[in-house]
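Participant: My questions will all concern the structure given below.
The values are calculated or read from the model by the stated rules, or taken from the named source; none is laboratory data. Everything numeric in this text was worked out from a predicted model, so none of it was measured. Here the Cβ positions follow ideal geometry from the backbone for every residue, glycine too, while neighbour counts run over all protein chains shown.
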Number of protein chains: 2
Amino acid sequence: MSAPDRFAPLPVTDTPQERGDAARNRALLLDAARRLIAERGAGAVSTDDIAAAAGVGKGTLFRRFGSRAGLMVVLLDENEKAHQQAFMFGPPPLGPGAPPLERLIAYGRARLAFVHDHHALLSDAGRDPQTRFTGPSALHHTHVRVLLQSAGTTGDLDAQTTALSALLDADYVEHRLAEGATLDELGDAWETVAVKLCGR
Amino acid sequence: MSAPDRFAPLPVTDTPQERGDAARNRALLLDAARRLIAERGAGAVSTDDIAAAAGVGKGTLFRRFGSRAGLMVVLLDENEKAHQQAFMFGPPPLGPGAPPLERLIAYGRARLAFVHDHHALLSDAGRDPQTRFTGPSALHHTHVRVLLQSAGTTGDLDAQTTALSALLDADYVEHRLAEGATLDELGDAWETVAVKLCGR
């Protein structure tokens, strides 16, 4: 990478340089994945299925998305955008205007519902360590981190963000729901831990 | 499963019923995996490599261990045993005899060092959602849970255990170390969060 590149914006998903057939294959693969996942659930859809339904080779899928997890991240991204809009720019207590601890509590409850709705996609996307500390999850980490900091927490901020965010992990949430916990109870647990970390 | 089976002990890794050739293939695969991982690191060893070095088919590997993660769990298990011995039966503050919060703090520091030493194996084993809430990690979860409870924490105990245990996740630990944090600093962060959760 040449020196000026270090200051270039991060690559976005669709670049103007992406050639016409590459862009078309990408769209075909996303459409196929969306359709198959709606029919069967993400857990029952393989990269073979997606490539076959899109009418392209499996190599094309990996060239366009890097991995199965990479494709899942792009699919999630569409739903994430509306969710992010709500907690970044929407009305309080989720959006700006409420005190940070109130926003943090509202965020946890909203995110738990989203995580449950999108469990299969999130579980897949989270399995790739390459995407775990980047992609949409990095934005959530930053949001929790900023709210913890604004709420006046003390100690290692990144560790506290990681500890609190573990309660929103898709596999953990499904594991607790399967054991009989409700989303409300998980929201209460989130609140308890958030309050303790902020020293109230 | 017939009714009396429900009360039978959980299956252990080597059962007397395991046939001679199955047991031999299992030992060959474990030896090969151990040797290749020592040479190259776990990240650079595929199931193909392991099966080839053991002189068995790849299907045999999956029949014996279920998955790559399953094999990693068995390998880890050997090292885990010594580590578990120390925190379950060893001298205080890690072992019994010290107050629970002191034991919890000592456990975090000891576990961080272990996790760093065994990063590649743990990262692999943790990627399989089937082994995540069972296997060796379930024992660690229970240990943290019991100590949090004995230290008088309030609120959802499982959520707090999950939040605190996230600080021992192999990928998180390596991510922080790569960013320049030291094991001591991560140990301090563990202590801060543990103390807050216990309301001190």
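Participant: From B:ALA82, B:ALA51, grab the single residue that is in a helix (DSSP H, G or I) and modelled with pLDDT of 95 or more.
Facilitator: Checking each option against the conditions leaves just B:ALA51.
Participant: Separate question: Output the residues belonging to segment B:91-124 that are small (Gly, Ala, Ser) and in a loop (DSSP other than H, G, I, E, B).
Facilitator: Listed by number, the residues that qualify are B:GLY95, B:GLY97.
Participant: Quick one: how many residues across segment B:59-76 are among the polar types (S, T, N, Q) and in a helix (DSSP H, G or I)?
Facilitator: Qualifying residue count, segment B:59-76: 1.
Participant: Kindly list the number of the only condition in (1) closer than 28 Å to B:GLU185 by Cβ; (2) modelled with pLDDT under 90 that fails for A:LEU122.
Facilitator: (1)
Participant: Also, quick follow-up: Of all residues in segment B:53-95, count the ones that are over 26 Å from B:ALA138 (Cα atoms) and either touching a helix residue (DSSP H, G or I) at 6+ places or on another chain (Cβ under 8 Å) or charged (D, E, K, R) (or both).
Facilitator: So the answer is 7.
Participant: Quick check: is even one residue across segment A:17-29 more than 21 Å from the chain's Cα centre (by Cα), at pLDDT below 50 and of a type in the set (Asp, Glu)?
Facilitator: No: zero hits.
Participant: Can you pull out every residue in segment A:149-173 that is more than 9 Å from chain B (Cβ to nearest Cβ) and within 23 Å of A:SER123 (Cα to Cα)?
Facilitator: The answer is A:THR161, A:LEU168, A:ALA170, A:VAL173.
Participant: May I pose another question? Six or more apart or on different chains, Cβ atoms under 7 Å: show the pairs whose first residue is in segment A:37-50 and not assigned by TED's automatic domain parsing to the domain that holds A:LEU76 and whose second is in a loop (DSSP other than H, G, I, E, B).
Facilitator: Within 7 Å, the pairs are A:ILE37/A:VAL45.
Participant: Turning to a different aspect of this structure: Need the failing condition index for B:PRO99 against (1) surrounded by 19 or more Cβ atoms within 10 Å (Cβ to Cβ); (2) modelled with pLDDT of 95 or more; (3) over 19 Å from the mean Cα position of the chain (by Cα), just the number.
Facilitator: Evaluating B:PRO99 over (1) surrounded by 19 or more Cβ atoms within 10 Å (Cβ to Cβ); (2) modelled with pLDDT of 95 or more; (3) over 19 Å from the mean Cα position of the chain (by Cα) leaves (1) as the failure.
Matching residues to (1) among the β-branched types (Val, Ile, Thr); (2) at pLDDT 95 or above:
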{"residue": "A:VAL73", "(1), (2)": "yes, no"}
{"residue": "A:GLU78", "(1), (2)": "no, no"}
{"residue": "A:TYR107", "(1), (2)": "no, yes"}
{"residue": "A:ALA138", "(1), (2)": "no, no"}
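Participant: Pick from segment B:140-168 the residues that are among the polar types (S, T, N, Q) and over 21 Å from A:GLY199 (Cβ atoms): which of them is modelled with the lowest pLDDT?
Facilitator: The selected residue is B:THR142.
Participant: Checking B:ALA138 against (1) crowded, with 16+ Cβ neighbours inside 10 Å; (2) more than 10 Å from chain A (Cβ to nearest Cβ), which single condition isn't satisfied?
Facilitator: The one condition B:ALA138 does not meet is (1).
Participant: Evaluate the following for B:VAL193: is it surrounded by 20 or more Cβ atoms within 10 Å (Cβ to Cβ), among the β-branched types (Val, Ile, Thr) and more than 9 Å from every other protein chain (Cβ to nearest Cβ)?
Facilitator: Considered against the rule, which asks whether it is surrounded by 20 or more Cβ atoms within 10 Å (Cβ to Cβ), among the β-branched types (Val, Ile, Thr) and more than 9 Å from every other protein chain (Cβ to nearest Cβ), B:VAL193 comes out as no.
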